[in-house]
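Report on the following structure.
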Amino acid sequence: MRFAAFLFAAGLAAQQPPAPLPTSPADLEQGGKLYRGSCGYCHGPQGDGGKGADLAKPKLERASSDEQLVNVIKNGIPGTEMPGAWHMIDNEIRQVAAFVRTLGKVEARPVPGDPANGKQVYASAGCAACHALREQGRLTGSLAGPELTVIGSRRNAAHLREALLDPAASVPDGYLIVTAVPLAGTAVTGLRLSEDTFTLALRDFSGRNHAFLKSSLKDIRKDPRKSSMPSYRGKLTATQLQDLIAYLASLKEPS
Amino acid sequence: MRLAILLLLALAAHAQVPYSRLLHSAKEPHNWLTYSGNYSGQRYSTLDQVTAANVHRLQVDWVLQTYTTESFETTPLVVDGVMYLTIGPNQVRAIDARTQAVYWTYTRRIPDDLRLCCGRVNRGVAVLDDMVFYGSIDAHLIALDAKTGKVRWDVELADYKLGYSSTGAPLALKDKVVTGMAGGEYGTRGFIDAYDARTGKRAWRFRTIPELGEPGNSTWAGDSWKTGSATTWVTGAFDPDSNTIYWGSGNPGPDWNGDVRLGDNLYSNCFLALDADTGERKWHFQFTPHDTHDWDSTHVPVLAEIPFRGARRKVVLSANRNAFFYVLNRENGKFLHGKPYAKQTWAKGLDDNGRPILNANIDPTVEGNLIWPSLAGATNWFSPAYNPRTNLFYASVREQGAFYFKGEATFQPGAVFNGGGQRTNPDEDPYGAIRALDPESGSVKWEFKIHSPANAGILTTAGNLVFTGVQNDFAALHAESGKLLWRFRTGGFINAAPITYSLDGQQFVAVAAGRALLVFRLSPESSPTK
């Protein structure tokens, strides 16, 4: 009986194009509540991840279309910790999916400034020495810092301003600066590449990789409030800064 | 003569394990006969060929690759040269420990619509007579023929579609096999079951949430007792002298929203002492009444006899997920003393009966409330160990807090019923440790620091050693000082607990790491050491 009903439903679904995700504030609010109850404990309340994947990003690898998203939520991802939401009826799953889509978006408030001019500031200020952009499918620049191809989808203007003026204020995960002090020899400071109980790897500011056994180190200093990105406070005019922010904000996931 | 010995060995390859052998497992330390090595839950071995002085010569002897896609958390059993282990999501395997030749693999067909919080894991089997007992992820208990791997009987513990599952190793004793169940995030109703080992007929069921009218039921507001979880997913211990089974119980459901289940919520987060023949409750001790942080007390109860205020006392020890270390009188469940062994911000302390004296505002909130420890606890299911020679209790410790959230909690059968969640604290650099606790004082005798919260079980031996996983390394520490004596980069995360056994006069140490089982032994004295 149940099986027959299932076939019937599947047949129906095959004939109809998938309905768009709900958009009403009431649906999104309900989706948010469901998300906080069932997903937040793995994916974090803001979708920024934890035990689960980071959902607060413009493109979800396993769920780029809404249909895929609904499917991932409903059935989970076999072989991973991502469970299927067996407890949700279809309507609820669609509400959650709609809410998940809002996690990856940053408010579309118009950003003042001239993006075209900002692009030139980006080139002349030497940002490419540490950052990469994907243009026409090719990655250009350096991977010393985070890739900025879709930075405008991921971060809002306020965050971008802070990143330029006070880079140490919010260092993204994976950019910790450490200093390894060997028992013998000189200390090395750089970006932490990996660390566990017994080993530490880092890349110094000249780009050289170093690996240490912790047993050979006298001290390890970590500075979570330090950034390898220079502050551009006072180095750019107010107009240049605003244009640069407008440019970065325009770097978005093509929709 | 030679032939006779060979024949004997061949016969021994699938020997009977009557209850008397399990009872006297101390007489055969070369085998690892139960989940914790013996009934006491100590995970202590008297084998002493590998010692603090020579452990640096430990090297990999052989490896079993499993290709499992699940976290590999099995405790293998070793019986007369045969190793029995489980491989998630659905296998039991018997191999010859000398040659590593596979005798059999049992593969269960499992449904693809399981309801699980935490992966399709399994932590081991039990043996009794000529049978191997396995709790499957779809909540069945299965008896396999130890020689062939054929199913002798198969009983459903409960309906997996309602969120029930089984991940822990059963405990075989007398003529019964005792098992818990999992599913604490699905509004299940917990139990501990005993089955007749021969027939699979259920001998008794102890429900961890009392029926309407039974004592304890009134500790649940309204109908909340029907969906209060209190699962039993970690293997218990057994005291044959008093015929008592000790077993831990899990969080009340929904985990983080306590509003819908006001009251102490008995017998969630307890140690339960049950009569082994009838399943009747002798006593209970509740560690975290009305828990709203998912602090299951599903720990292996460690039974020990310790010097305590001038006398020897029979106690049960627990380093609890709630960050307190407890010493209980195991004859009556009375609290002897307790003390935090990790950072905690939820209780001022414990009163004379061991009940926590709560701090204000510790409940999860919609906005998030920062409390230590995190929901994974100051420790978790990983086996602790107790070494009678050092009289130290060894715990895998997690130093980490979390923002706890309260969410909606509407029960639907088979659906997640957790009412909230947590997120980690970005301003914290969490870490872990192995800590040695003195049971008499509850104080930390030594600690070995770990870069991230500890995640593996512990084995301790008469060789004055503590073995444990340290993320991607397998490590041996000095049992008295915690000094690192040896480590091996396994290249795979260790979530399991180690065991030790001996074959033909050679001691082995085995641990599941990454997706493989690694088996170590001492290298010959002459070979160069690293």
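Taken together, the values in this text are just the output of simple stated rules run on the coordinates, not laboratory data. What you are looking at is a predicted structure, and each value in this text was computed from that prediction instead of being measured. Using ideal geometry, Cβ is built from the backbone for each residue, glycine included, and neighbour counts are taken over all protein chains shown.
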Next item on the list: Pop a pseudo-label 7 angstrom from the Cα along the beta-carbon direction at both A:Asn209 and B:Lys147 and give the gap in nm to one decimal.
Entry: 5.6 nm
Next item on the list: Can you tell me the dipole magnitude for chain B around its Cα centre, using point charges on the Cβ only (Lys, Arg +1; Asp, Glu -1), in Debye to the nearest 20?
Entry: 1040 debye
Item checked: At R0 = 22 Å, FRET efficiency that the Cβ-Cβ distance of B:Arg205 and B:Asp129 yields, to 0.05 -> 0.45
Note to self: Residue by residue through segment B:417-422, what is 3J(HN,Hα) from phi via Karplus (6.51 cos²θ - 1.76 cosθ + 1.60, θ = phi - 60°)? Round to whole Hz and write x for glycine and proline.
What the structure shows: 9, 10, x, x, x, 8
Next item on the list: Report, to the nearest 10°, how far helix B:2-12 tilts away from the longest principal axis of the Cα atoms in chain B, using its own Cα long axis and a range of 0 to 90°.
Entry: 10 degrees
Check: By the scheme Lys and Arg +1, Asp and Glu -1, what is the net charge of all other residues having a beta-carbon under 12 Å from that of A:Gly84?
Finding: -1
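Suppose every Lys and Arg Cβ carries +1 and every Asp and Glu Cβ carries -1, with no other charges. What dipole size does the protein assembly as shown come out with about its Cα centre, to the nearest 20 debye?
Details: 82 positive and 76 negative charges, 282 e Å.
That gives the protein assembly as shown a dipole magnitude of about 1360 debye.
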Note to self: Are there any GluC sites (Glu not before Pro) in segment B:275-382 that are in a DSSP loop and have at most 11 other Cβ atoms within 10 Å? List them by number.
What the structure shows: B:Glu280, B:Glu367
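Return A:Ser38, A:Ser142 ranked ascending by Cβ neighbour count within 10 Å, so the fewest neighbours appear first.
In order of increasing Cβ crowding within 10 Å: A:Ser142, A:Ser38.
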Checklist line | Low-density loop cleavage sites - trypsin sites (Lys or Arg not before Pro) in segment A:183-217, where at most 13 other Cβ are within 10 Å (DSSP) | finding: A:Arg208
Margin query: Please rank B:Lys174, B:Lys147, fewest neighbouring Cβ atoms within 10 Å first, as an exposure proxy.
Written below: B:Lys147, B:Lys174
Margin query: Out of the trypsin sites (Lys or Arg not before Pro) in segment B:12-105, which ones are loop residues according to DSSP with at most 15 other C-beta atoms within 10 Å?
Written below: B:Arg98
Next item on the list: Within the set of other residues whose C-beta is less than 10 Å from the C-beta of B:Glu305, count the net charge using Lys and Arg as +1 and Asp and Glu as -1.
Entry: +4
Checklist line | Neighbourhood net charge (12 Å Cβ-Cβ; Lys/Arg +1, Asp/Glu -1) for B:Asp296 | finding: -3
Check: Once you measure Cβ to Cβ distances between cysteines in chain B, which Cys have no partner under 4.7 Å?
Finding: B:Cys270
Checklist line | Exposure proxy order (Cβ contacts within 10 Å, fewest to most) of B:Ile494, A:Ile77 | finding: A:Ile77, B:Ile494
Item checked: Mean projected area in nm² (Cα convex hull; one quarter of hull surface) for segment B:58-190 -> 8.8 nm²
Next item on the list: Could you size up the charge dipole of segment A:162-255 around its Cα centre, putting +1 on the beta carbon of Lys and Arg and -1 on that of Asp and Glu, and report it in debye to the nearest 20?
Entry: 300 debye
Checklist line | Modelled label reach - B:Tyr431, point 7 Å along Cα→Cβ, segment A:183-198 residues with backbone N closer than 19 Å | finding: A:183, A:192-198
